[in-house]
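The values are calculated or read from the model by the stated rules, or taken from the named source; none is laboratory data. Keep in mind the model is a prediction, meaning the values are calculated, not measured. Ideal geometry is used to build each Cβ from the backbone, glycine not excepted, and the neighbour counts take in all protein chains shown. We work out accessible area using only protein heavy atoms, side chains counted, and drop any ligands, DNA or RNA first. Shrake-Rupley method; radii C 1.70, N 1.55, O 1.52, S 1.80 Å.
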Amino acid sequence: MENYMINILKSFNDLLWGLPLILAIAGTGIYISIKTQAIQFRKLGYALKNTLGKIFEKNSHHAKGDISPFGALATALAATVGTGNIVGVSLAIILGGPGAIFWMWIAALLGMATKFSEVTLAVAYREKKNGKYVGGPMYYIEKGLNNKKLAKTFAIFAGIAVFGIGDSTQSNAISGVLKDTFGVNTIISGIILSIIAGIVIVGGINSITKVTEKLVPLMSLLYILGCLWILFLNKANILPAFKSIFLGAFSPKSLGGSFAGLSIKAVISAGVARGVFTNEAGLGSSPMAHACATTDHPVRQGLWGISEVFVDTIIICTMTALVILSTNVDVSDTNNAASLVARAFATGSSFGNIIVCVGLSLFALSTILGWAYYGETALTYLFGDKIIIPYRILYVIFVFVGANIDLGVAWIVANILNGFMALPNLFAVVTLSPVVVKLSKDFFKNPEKIRKSPEEYKSCIDIK
């Protein structure tokens, strides 16, 4: 009976994360791109220059918020840059060949528009409770769509899913890779991870941000440097790697070998699904962090959403893909996506396993910290501040439990709930797209102007 239920859940998960969500997420990206006249392309240079290019600049004293714009990005990236950037990319290549990376890029380029809209709406409809800003899909669904039931539905899915997708599965990945690489007992790993998580999340968003502002740049830089070293050693294979990506995207059979049996549908499905998994555009998660940012206009923070997807997928995921493809490791002899990346790194260094172990552990730890705030935001929306302490205790417990058990059904259920999060959020993003368009026009009339009061842009939105 147990196997029967597991098979049903697996089938439903495959169905949900197959064509329905791919069409919904890609369709939303296309629709928002059209509505905003492809803002992610028109304003990409401006966005990168005024976000990543100004991370050390102080904000205007007129701006409102609790954490810096980069702090919000770091917290969002902490949750977004995770195991998907290593395991997700290698799994995409295993399932869809090199061409899957092309479709991962397409998903990211469309996802930039979606993420821009999510973040913009999160700031536009945020509220101040007990002296702190809060926001996210539940707030713009309730206030923008005047639909509290749908808002609560999103919050319920997010509040439960966080214990799987952002918590136990991440600690499970860390304890597993530490055991395989260094022989560390999973109980010890679980205890250490629980202590770290507990110390950080007890201080809420400000404490989490202080850690992620340092952790995200460090872990990303170390991983990218490791990738660049392998690419330097295999520089003659970089152009052929790109060629295999573009050729495999439209003619996978022409690559021959283990890719000869792939259909274009399988290639697209693998790339888009893994792309969504890694950058989370459309899921409604990272807008909760961005809603706390110190900013004078929703669109100014929305630009950080564009940068978030760009860094996560276009930079970090591409690095992983090029390492795998340029080293010519055989993708047909393993079902372990993490070991594929490790073998690719091992071609240029005897420390290949260690590089992947450290990268995977830091990425997963950052996800645990980032998602801790998402769960708290969702459950506080439903139950008020009285839920905060019990939630934090339970979250830390799940970190330990996840590190020491075979998650099995829990992973599948969490993945399904994660998918269910996307549905009400995508509906809201599409429905509220006129608000995003109005806010964008208002901001870009004079982007250098500092708005001293939210009233200067609230005429663009209908907040009751």
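Here are a few things to note about the model shown:
- For segment 351-376, a residue qualifies if it is open to solvent by less than 10 Å² (accessible area, probe 1.4 Å) and among the polar types (S, T, N, Q), and the qualifying residues are 366, 367.
- Among (1) among the hydrophobic types (A, V, I, L, M, F, W, C); (2) part of a helix (DSSP H, G or I); (3) closer than 30 Å to residue 346 by Cα - the single one residue 163 does not satisfy: (3)
- Of the residues making up segment 46-97, those that are modelled with pLDDT of 85 or more and either at positive phi or open to solvent by 50 Å² or more (accessible area, probe 1.4 Å) (or both) are 46, 49, 97.
- Segment 95-113, residues that are farther than 16 Å from residue 84 by Cα and among the aliphatic types (A, V, I, L, M): 106, 109, 110, 112, 113
- Residue satisfying all of: in segment 209-236; aromatic (Phe, Trp, Tyr) and touching a residue at least 60 places away in the same chain (Cβ under 8 Å); farthest from residue 398 (Cα to Cα) among these: 229
- Exactly one residue out of 281, 241 is under 19 Å from residue 86 (Cα atoms) and part of a loop (DSSP other than H, G, I, E, B), and it is 281.
Residue by residue, here is whether (1) closer than 18 Å to residue 173 by Cβ; (2) in contact (Cβ under 8 Å) with a residue 24 or more places away in the chain; (3) touching a Pro at 6+ places or on another chain (Cβ under 6 Å) holds:
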{"position": "306", "(1), (2), (3)": "no, yes, no"}
{"position": "314", "(1), (2), (3)": "no, yes, no"}
{"position": "324", "(1), (2), (3)": "no, yes, no"}
{"position": "339", "(1), (2), (3)": "yes, no, no"}
{"position": "348", "(1), (2), (3)": "no, yes, no"}
{"position": "356", "(1), (2), (3)": "yes, yes, no"}
{"position": "373", "(1), (2), (3)": "no, yes, no"}
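- Of the residues making up segment 263-294, those that are in contact with a strand residue (DSSP E or B) (Cβ under 7 Å, 6 or more places away or on another chain) and crowded, with 24+ Cβ neighbours inside 10 Å are 291, 292, 293.
- Residue within segment 329-336 that is of a type in the set (Ser, Thr, Tyr), open to solvent by less than 10 Å² (accessible area, probe 1.4 Å) and touching a helix residue (DSSP H, G or I) at 6+ places or on another chain (Cβ under 6 Å) present: no
- Counted residues, segment 381-410 - those being open to solvent by 30 Å² or more (accessible area, probe 1.4 Å) and either β-branched (Val, Ile, Thr) or without any contact (Cβ under 8 Å) to a residue 12 or more places away in the chain (or both): 13
- Residue selected from segment 98-122 under the condition small (Gly, Ala, Ser), open to solvent by less than 10 Å² (accessible area, probe 1.4 Å) and under 13 Å from the mean Cα position of the chain (by Cα), by the criterion farthest from residue 133 (Cα to Cα): 108
- Meets criteria (touching a helix residue (DSSP H, G or I) at 6+ places or on another chain (Cβ under 9 Å), on the phi < 0 side of the Ramachandran plot, open to solvent by less than 30 Å² (accessible area, probe 1.4 Å) and not basic (Lys, Arg)) for residue 165: yes
- So residue 138, is it assigned to a helix (DSSP H, G or I), of a type in the set (A, V, I, L, M, F, W, C) and closer than 22 Å to residue 70 by Cβ: no
- Any hit, segment 8-31, residues being polar (S, T, N, Q) and modelled with pLDDT of 80 or more: yes
- All told, residue 318 falls short of being of a type in the set (S, T, N, Q), touching a helix residue (DSSP H, G or I) at 6+ places or on another chain (Cβ under 6 Å) and farther than 30 Å from residue 201 by Cα.
- Residues of segment 25-50 that turn out to be under 16 Å from residue 279 (Cβ atoms) and free of Cβ contacts under 8 Å to residues at least 12 places away in the same chain, as a count: 0
- When each of 220, 307 is tested for being in a helix (DSSP H, G or I), closer than 21 Å to residue 361 by Cα and small (Gly, Ala, Ser), the lone residue that passes is 220.
- Restricting segment 1-45 to residues that are open to solvent by less than 70 Å² (accessible area, probe 1.4 Å) and either in contact with a strand residue (DSSP E or B) (Cβ under 9 Å, 6 or more places away or on another chain) or not in a helix (DSSP H, G or I) (or both), the residue that is nearest to residue 280 (Cα to Cα): 17
- Scanning segment 84-97 for residues that are within 14 Å of the chain's Cα centre (by Cα) and closer than 14 Å to residue 241 by Cβ yields a count of 1.
- Checklist (1) in a loop (DSSP other than H, G, I, E, B); (2) at pLDDT 90 or above applied to residue 261, failing item: (2)
- Against the test of being open to solvent by 10 Å² or more (accessible area, probe 1.4 Å), without any contact (Cβ under 8 Å) to a residue 40 or more places away in the chain and not charged (D, E, K, R), the options 185, 206, 172 yield a single qualifying residue, 185.
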